[in-house]
1. Between a residue in region 215-244 that is at positive phi and any residue that is of a type outside the set (Gly, Ala, Ser) and assigned to a loop (DSSP other than H, G, I, E, B), which pairs come within a Cβ distance under 6 Å, given they are 6 or more apart or on different chains?
2. Just to be sure, is residue 42 small (Gly, Ala, Ser), touching a helix residue (DSSP H, G or I) at 6+ places or on another chain (Cβ under 6 Å) and either outside the structural domain of residue 135 (by TED's automatic domain parsing) or under 25 Å from residue 155 (Cα atoms) (or both)?
3. Looking at 47, 17, 57, can you tell me which residue is closer than 17 Å to residue 227 by Cβ and either in contact with a helix residue (DSSP H, G or I) (Cβ under 7 Å, 6 or more places away or on another chain) or not charged (D, E, K, R) (or both)?
4. Sort through 64, 17 and tell me the only one that's more than 25 Å from residue 174 (Cβ to Cβ), in the same structural domain as residue 213 (by TED's automatic domain parsing) and not in a loop (DSSP other than H, G, I, E, B).
5. In the list 13, 107, which residue meets the criterion of being at pLDDT 95 or above and within 22 Å of the chain's Cα centre (by Cα)?
6. Hey, does region 230-239 have a residue that's surrounded by 15 or more Cβ atoms within 10 Å (Cβ to Cβ), in contact with a Pro (Cβ under 9 Å, 6 or more places away or on another chain) and acidic (Asp, Glu)?
7. Go through region 79-121 residue by residue and tally those that are surrounded by 15 or more Cβ atoms within 10 Å (Cβ to Cβ), without any contact (Cβ under 8 Å) to a residue 12 or more places away in the chain and more than 13 Å from residue 163 (Cα to Cα).
8. Please enumerate the residues belonging to region 136-177 that are surrounded by fewer than 21 Cβ atoms within 10 Å (Cβ to Cβ), farther than 24 Å from residue 122 by Cβ and in contact with an Asp or Glu (Cβ under 8 Å, 6 or more places away or on another chain).
Amino acid sequence: MTDLLTVENLTHIYSPGTPFEKKALSDVSFSIGESEMTAVIGQTGRGKSTLIQHLNGILKPTSGRVLIHGEDIRSDKRLLRAARFAVGLVFQYPEYQLFEETVLKDISFGPKNMGLSNEETERRALEAAQIVGLSEDDLSKSPFELSGGQKRRVAIAGILAMEPQLLVLDEPTAGLDPRGREQIIGYIKNYREKHRTSVIFVTHSMEDAAENAQRLIVLHRGSILMQGTPFEVFERAEELKSAGLGVPKVCEVISELRSRGINLKTAFTPEAAASVIKGARARD
């Protein structure tokens with residue numbers, strides 16, 4: 001079965017042949033399956049935003065390919081256009097890109113550009129608004145009347161309304177308080193479960209990555225340092241720290257307890273840690 005998305009040997013160089021030449025990505029390869037939730041983690045300036053802008057053709061690779069369902073998105077103009085709709089990209093702080101007179105018009109902008117009927121456009125916009133917790137009263141307001149958190153939800157709803165096969169989000173919880181972060185992650189997970197959409201999200205939060213992703217991709221200096229399940233990645237905590245990355249606080253607690261002579265298995269979420277500690281106490 002063909003993967004939904006395949007990235008093959010992707011390299012991107014900014015300003016090649018000039019004094020400002022910079023290699024942002026180097027020989028990056030990975031694949032994303034159907035209905036998979038993947039987190040991309042790494043330090044600031046290590047290529048994460050550059051990477052995701054290749055996935056729907058905003059940036060052109062210096063070398064390498066991006067394939068959707070096995071087809072190179074740059075092999076044909078038709079495929080490139082289709083990729084813009086198949087891969088829905090939510091930029092960091094997307095609320096700054098709102099521009100329509102009303103919330104409903106803003107959410108409807110993407111589906112309308114897809115050439116959908118007015119009826120289908122409205123159906124998708126209303127469903128997306130409901131998924132992100134916007135009320136019927138909100139839809140008639142100017143987006144600029146809303147709070148920062150509400151604006152974030154409007155911007156995300158505008159991408160959800162396009163019903164992409166792959167939803168890509170760059171730091172979707174950046175700048176939000178804990179409650180706002182939890183809500184945004186909840187909306188994304190609810191949408192994924194309803195539509196069986198694959199999701200890639202860029203994050204600096206190791207907790208968000210550990211608790212919500214099925215697979216992690218770790219970028220370091222423009223290359224993939226490691227990838228695998230949260231367990232496989234956080235088992236290599238010392239390598240992550242050497243690359244300037246952290247681990248979930250839970251991993252640090254487990255590590256501290258091990259240093260005190262308590263034999264504990266690896267755990268990277270609070271629930272898993274509670275189970276591991278309970279099991280250790282039962283053995284004692």
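The values are calculated or read from the model by the stated rules, or taken from the named source; none is laboratory data. Model, not experiment: these values are computed from the prediction. Counting neighbours? That spans all protein chains shown, and the Cβs are built from the backbone with ideal geometry, glycine included.
1. Final answer for the pair search is 244/43.
2. Numbers: small (Gly, Ala, Ser): yes; touching a helix residue (DSSP H, G or I) at 6+ places or on another chain (Cβ under 6 Å): yes; either outside the structural domain of residue 135 (by TED's automatic domain parsing) or under 25 Å from residue 155 (Cα atoms) (or both): yes.
Yes; evaluated as a whole, the condition is true for this residue.
3. On the way: 17 fails: closer than 17 Å to residue 227 by Cβ; 57 fails: closer than 17 Å to residue 227 by Cβ.
Testing whether each residue is closer than 17 Å to residue 227 by Cβ and either in contact with a helix residue (DSSP H, G or I) (Cβ under 7 Å, 6 or more places away or on another chain) or not charged (D, E, K, R) (or both) leaves just 47.
4. Values: 17 fails: not in a loop (DSSP other than H, G, I, E, B).
Exactly one residue qualifies, and that residue is 64.
5. Details: 13 fails: within 22 Å of the chain's Cα centre (by Cα).
Step by step, each of 13, 107 is checked, and only 107 is at pLDDT 95 or above and within 22 Å of the chain's Cα centre (by Cα).
6. The answer is no; no qualifying residue exists.
7. Qualifying residue count, region 79-121: 2.
8. Matches in region 136-177: 148 only.
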